[in-house]
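These notes concern the structure reproduced below.
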């Protein structure tokens, strides 16, 4: 078997199961464990997975701070944000998570009918300063500066009193088997709590966030109502999410 074929089989296993156990992969592919371990080392060096004892996990995306991420505004994020904003209907209450992708939702929100926006992000609230029809509820709490969002017990209690029609969730990684994840334990808890309070949860995903894993799991991918992804992602990467019942929309 060619090296490229072996590596593709390993990556397929990683996408399907969310992990690769070297011993089991060697048995399934009729190869030696040494060969599998060498392939895993090379794939890790290419940034395609993360080596752990006995095998590998999906790659962990970089977690630059909010200021650095804001500098990387892209046409892709703008398209995703506009598509997400088109889901909002008159008189709904929506909750917008913190982040640079979700900021694009705030910028694209309809301006010809009234609705309510709740957020625990002062930067998202600031985007809506001059919005003519959006009523804004700002959740307070301890500021997690990396993502510019409120966390902690105060934020949890205030969120418990809201029942959003749509939660626009920001994540750093998504995997069909490992779920939706982010880089901070407390932030993950807040996101999970908002999702539990909301009727629907929608997330926006650029290609690099797919088939990846950050340290703190928010919830299973199957809990999503919809995921909006950039055009051009291979169907083989999207079909596992569709199989979970998630409405996958390209933008």
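Only one of these is surrounded by 14 or more Cβ atoms within 10 Å (Cβ to Cβ), within 27 Å of the chain's Cα centre (by Cα), modelled with pLDDT under 90 and not assigned by TED's automatic domain parsing to the domain that holds residue 117: 31, 49. Name it.
Answer to the selection: 49.
Among the residues of the range 169-182, is any in contact (Cβ under 8 Å) with a residue 40 or more places away in the chain, buried (at least 19 other Cβ atoms within 10 Å of the Cβ), farther than 17 Å from residue 18 by Cβ and outside the structural domain of residue 11 (by TED's automatic domain parsing)?
The answer is yes, given that some residue of the range 169-182 is in contact (Cβ under 8 Å) with a residue 40 or more places away in the chain, buried (at least 19 other Cβ atoms within 10 Å of the Cβ), farther than 17 Å from residue 18 by Cβ and outside the structural domain of residue 11 (by TED's automatic domain parsing).
In the range 237-250, which residues are touching a residue at least 60 places away in the same chain (Cβ under 8 Å) and closer than 20 Å to residue 11 by Cβ?
237, 240, 241, 243, 244
Please identify the pairs in which a residue from the range 95-123 that is at positive phi has its Cβ atom under 6 Å from the Cβ atom of a residue that is surrounded by 23 or more Cβ atoms within 10 Å (Cβ to Cβ) and assigned to a loop (DSSP other than H, G, I, E, B), counting only partners at least 6 apart or on another chain.
99/170
Quick one: which of 202, 229, 171, 249 is more than 11 Å from the chain's Cα centre (by Cα) and modelled with pLDDT of 95 or more?
Step by step, each of 202, 229, 171, 249 is checked, and only 249 is more than 11 Å from the chain's Cα centre (by Cα) and modelled with pLDDT of 95 or more.
Any chance you could count how many residues in the range 86-103 are out of contact with any strand residue (DSSP E or B) (no Cβ under 8 Å at 6 or more places or on another chain) and assigned to a helix (DSSP H, G or I)?
Here the count works out to 2.
Please indicate, with yes or no, whether at least one residue in the range 24-32 is on the phi > 0 side of the Ramachandran plot and without any contact (Cβ under 8 Å) to a residue 12 or more places away in the chain.
Yes: the range 24-32 contains one or more residues that are on the phi > 0 side of the Ramachandran plot and without any contact (Cβ under 8 Å) to a residue 12 or more places away in the chain.
For the range 126-142, enumerate the residues that are out of contact with any helix residue (DSSP H, G or I) (no Cβ under 8 Å at 6 or more places or on another chain) and either in a strand (DSSP E or B) or closer than 19 Å to residue 193 by Cβ (or both).
Within the range 126-142, 134, 135, 137 qualify.
Looking only at the range 194-230, which residues are touching a helix residue (DSSP H, G or I) at 6+ places or on another chain (Cβ under 9 Å) and assigned to a loop (DSSP other than H, G, I, E, B)?
Within the range 194-230, 206, 211, 214, 215, 224, 230 meet the criteria.
The values are calculated or read from the model by the stated rules, or taken from the named source; none is laboratory data. Because the structure is predicted, anything quoted here is derived from the model rather than measured. So basically every Cβ, Gly included, is an ideal-geometry build from the backbone, and we count neighbours across all protein chains shown.
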